[in-house]
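Only one structure is covered here, and it is reproduced in the block below.
The values are calculated or read from the model by the stated rules, or taken from the named source; none is laboratory data. No experiment lies behind these values; they were computed from the predicted model shown. Ideal geometry is used to build each Cβ from the backbone, glycine not excepted, and the neighbour counts take in all protein chains shown. Calculation scope for accessible area: heavy atoms of the full protein, side chains included, ligands and nucleic acids excluded. Shrake-Rupley method; radii C 1.70, N 1.55, O 1.52, S 1.80 Å.
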Amino acid sequence: MPFNFDLHTHSLFSGDGVSTPEELIAAARAKGLHGIAMTDHNTCDAVTYMLEKGLMRLDGQPVDGFLVLPGVEITTADGHLLCIGAELPYLKGKPAREVCEIIHQRGGLAIPPHPYDLFRAGIRFPVLVTLPIDALEVFNAATTLRRYNRYAFKYAQMRGLPMTAASDAHHAEAIGTAHTILDTDDFSVGGVIAQLVKSNQLNQNYLTPRDSVRKTWNNWMRLRRRKKLPQAKAILNGGSEG
């Protein structure tokens, strides 16, 4: 059975995300997605939050027909690297090869996002060719220039890598713009991880101009928002604003 997954999403637990995990899930459901990967920047706090709130299960099974994959987008010394299917400790600044090894030790997949986007911190070709990656994000709905996605697609073809498409959503309205269609009979974290390293269909749509502007604004406001992030987390987890 085919399942639609957005494999690159950010919540307000990222420094530049603005939506709660609940808002992301609601938007994903409304758009016909069956699941998402929670890939905040350098933190798995949203995963912890969703487990505590019953939005995810430790056994990797879906909740009310919706499956959230644990993950994180690590800012390695060589560029951004998605971990999908596992939680990681704080690894910002570590070499990409070392991070790949840790991801694999924990049962996750190492998938570089937007590798050719020169305006974003992707892992570039000289390092990319040396890494034991499991798949490549060849379509990022938020890419700066569309040709960067074409370059990633050609590289994945050349290397024989499985391919993924994702929204890179930083707000709920953008979720699911692009996604990966996984044909599996095992609708669980383990089943999705097993299917991801095979050939899959890609739904490829770009962010609307409005969503692109909003994402850029989120990036500009990242430092200011990060100062407010501990307070936002406290509120989500039941604390007070004071």
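A simple packing score, the average count of other Cβ atoms within 10 Å per residue, orders the peptides 195-201, 112-118, 18-24, 166-172 as 166-172, 112-118, 18-24, 195-201, with the highest score first. Solvent-accessible surface of region 1-127, averaged per residue with a 1.4 angstrom probe and all protein chains in place: 37 square angstrom. Computed from point charges on the beta carbon alone (+1 for Lys and Arg, -1 for Asp and Glu), the dipole magnitude for the chain about its Cα centre is near 980 Debye.
Straight-line cross-link partners of residue 53 among the aspartates and glutamates, defined as a Cα under 14 Å from its Cα and at least 8 positions apart when in the same chain: 22, 23, 45, 64.
Average projection, convex hull of the Cα set of region 159-201: 3.7 square nanometres. Here the Gaussian network model covers the chain, with springs between Cα atoms less than 10 Å apart; of 174, 194, 165, 194 fluctuates the most. Put simply, the amide H of residue 184, placed in the peptide plane, has neighbours under 5 Å in 3, leaving out anything fewer than 5 places away on its chain. Region 69-131 and region 180-204 have their alpha-carbon centroids 20 Å apart.
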